[in-house]
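See structure below.
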Ligand SMILES: NC(=O)c1ccc[n+]([C@@H]2O[C@H](COP(=O)([O-])OP(=O)(O)OC[C@H]3O[C@@H](n4cnc5c(N)ncnc54)[C@H](O)[C@@H]3O)[C@@H](O)[C@H]2O)c1
């Protein structure tokens with residue numbers, strides 16, 4: 001049986017990568033979708049899946065609110081919000097600028113906060129929010145300051161919103177992926193053996209994760225199978241968070 005049958009869901013950052021995999025899995029599980037992305041390619045994906053799309057910059061409060069308003073116009077209700085859109089910015093502590101910090105924070109954290117606020121109003125009593133955090137909520141990379149800080153904040157937003165919305169039956173959980181073979185990472189791993197070695201040396205399962213393996217968790221968290229789960233972050237990371245040493249890499 002389809003696990004999201006009839007559930008009305010918004011997925012942000014759905015044009016490619018993990019968001020696209022979530023859109024495809026949600027569609028296969030019977031959900032009714034509104035896909036949002038700053039990239040107009042999201043419209044072709046939605047058409048191919050037989051669902052709706054909206055082009056929006058979710059880092060802007062008015063635009064993520066516009067996405068929720070579109071769901072209200074379409075359905076008059078909402079069951080699931082997946083706050084997946086996210087960006088990185090590499091810079092040393094010395095080089096980091098306020099503009100770059102603000103851009104990453106607005107995209108990764110504020111979109112999820114204002115999206116959850118507006119979505120919860122539309123959900124009323126009952127629903128599920130799935131936030132996209134990262135292992136970098138917990139693990140630091142010295143030149144990924146706004147990314148790591150924002151993903152830590154998404155983890156804590158998940159806790160806070162879960163408590164705030166618990167008595168309304170709205171569950172809020174997060175996913176904290178490790179290294180996932182989206183197009184960009186798969187390209188780097190294929191072309192740069194040193195980068196591949198660095199990534200796999202911190203991945204006990206010995207391979208990058210697939211976007212579909214993150215999407216499978218999003219389906220679970222959005223579904224009624226997760227009905228007693230709220231305020232949690234689940235880490236599909238190939239074992240990375242438990243690692244306190246480097247591991248040998250096959251083929252090296
Ligand atoms: N790929 C990984 O290894 C990995 C690991 C941990 C966490 N994540 C998180 O998973 C999520 C998806 O990552 P991905 O690897 O698929 O990235 P990606 O760059 O392939 O896709 C991100 C999508 O978000 C969209 N987007 C970016 N800014 C936006 C904005 N302001 N408004 C609307 N849409 C916007 C992009 O257009 C793109 O379609 C992100 O939150 C990322 O931080 C990814």
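Readers should treat all values here as calculations from the given coordinates under stated rules, not as data from a laboratory. Just so it is clear, the model here is predicted, and its values are computed rather than measured. Using ideal geometry, Cβ is built from the backbone for each residue, glycine included, and neighbour counts are taken over all protein chains shown.
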Problem set entry | Packing-based order for 2-10, 148-156, 126-134, using average beta carbon neighbours within 10 Å, highest first | 126-134, 148-156, 2-10
For this session: Please find, in a Gaussian network model of the chain (springs between Cα atoms separated by less than 10 Å), the residue of 109, 81, 96 whose mean-square fluctuation is greatest.
Result: 96
Exercise. Counting other C-beta atoms within 10 Å, which of 99, 37, 237, 57 has the fewest, and how do the rest follow?
Worked result: 99, 57, 237, 37
For this session: Would you mind calculating the gained length between residue 192 and residue 92 on full extension (0.36 nm times residue separation, minus the Cα-Cα distance), in nm to one decimal?
Result: 33.8 nm
Problem set entry | Taking 26, 101 and counting other C-beta atoms within 10 Å, the order from fewest to most | 101, 26
Seminar exercise, completed: What helix-only [θ] at 222 nm does the chain give? Using -39500 (n - 2.57) per DSSP H run of at least 4, over all residues, to the nearest 500, the answer is -13500 deg cm²/dmol
For this session: Would you mind ranking 170, 188 by Cβ crowding within 10 Å, fewest neighbours first?
Result: 188, 170
Exercise. To the nearest 0.05, what FRET efficiency results for residue 121 and residue 156 with a Förster distance of 30 Å applied to their C-beta separation?
Worked result: 0.90
Problem set entry | Cα-only radius of gyration and Dmax that characterise the chain, units Å | 17.7, 55
For this session: Name the most mobile residue of 79, 94, 224, meaning the one with the largest mean-square fluctuation, in a Gaussian network model of the chain with Cα contacts below 10 Å.
Result: 94
Exercise. Given springs between every Cα pair under 10 Å in a Gaussian network model of the chain, which of 98, 24, 63 has the largest fluctuation?
Worked result: 98
Problem set entry | Segments 190-196, 12-18, 137-143 sorted - mean Cβ within 10 Å per residue, highest first | 12-18, 137-143, 190-196
